[in-house]
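See structure below.
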Amino acid sequence: DPGRIVDPALREWAVEVRAGVRFLTVGQAAWRACVQPNTVNAWIDKGWLPAVRMGDGAGNRLVRAADLARFL
């Protein structure tokens, strides 16, 4: 039950996953865009591509597949 998750970002992610939203790792997003993962990270850092960070603040970034499709 996502309502029991204390971390707000993790709770939002769980709700989206349950709703069928597909998330990609930076590597998967890079593969789909035919670029290097560093390029995807740069897009995220510049604010061009939305992403969510999972973990303790230094965790992996996840990109919604729909956001990547719109960006490309």
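The values are calculated or read from the model by the stated rules, or taken from the named source; none is laboratory data. Computed from a prediction, not measured in an experiment: that's the story for all the values here. Calculation scope for accessible area: heavy atoms of the full protein, side chains included, ligands and nucleic acids excluded. Shrake-Rupley method; radii C 1.70, N 1.55, O 1.52, S 1.80 Å.
Observations
- Expressed in units of 2.2 N^0.38 Å, where N is the residue count, the Cα radius of gyration of the chain is 1.12.
- Measuring with a 1.4 angstrom probe and ignoring ligands and nucleic acids, Asp7 comes out at about 70 Å² accessible.
- Based on protein heavy atoms only, the chain ends up with 68 Å² per residue of surface accessible to a 1.4 Å probe.
- Note, ³J(HN,Hα) from phi for region 3-20, Karplus 6.51, -1.76, 1.60, rounded to Hz, x at Gly and Pro: x, 8, 7, 6, 5, x, 5, 5, 4, 4, 4, 4, 5, 5, 4, 5, 7, x
- Estimated vicinal HN-Hα couplings, Hz - region 64-72 in sequence order (Karplus 6.51, -1.76, 1.60; Gly, Pro = x): 5, 4, 5, 5, 5, 4, 5, 4, 6
- Amide H to amide H, with H built 1.01 Å from N, Leu49 comes under 5 Å of Ile44, counting only residues 5 or more places away or on other chains.
- Cut-off under 5 Å, modelled amide H: who pairs with Arg22 long-range: Ala65, Ala66
- Relative contact order, whole percent, for the chain stands at 31, derived from Cα pairs under 8 Å and 6 or more residues apart.
- Helix-derived mean residue ellipticity, 222 nm - over the chain, DSSP H n ≥ 4, -39500 (n - 2.57), to 500: -13500 deg cm²/dmol
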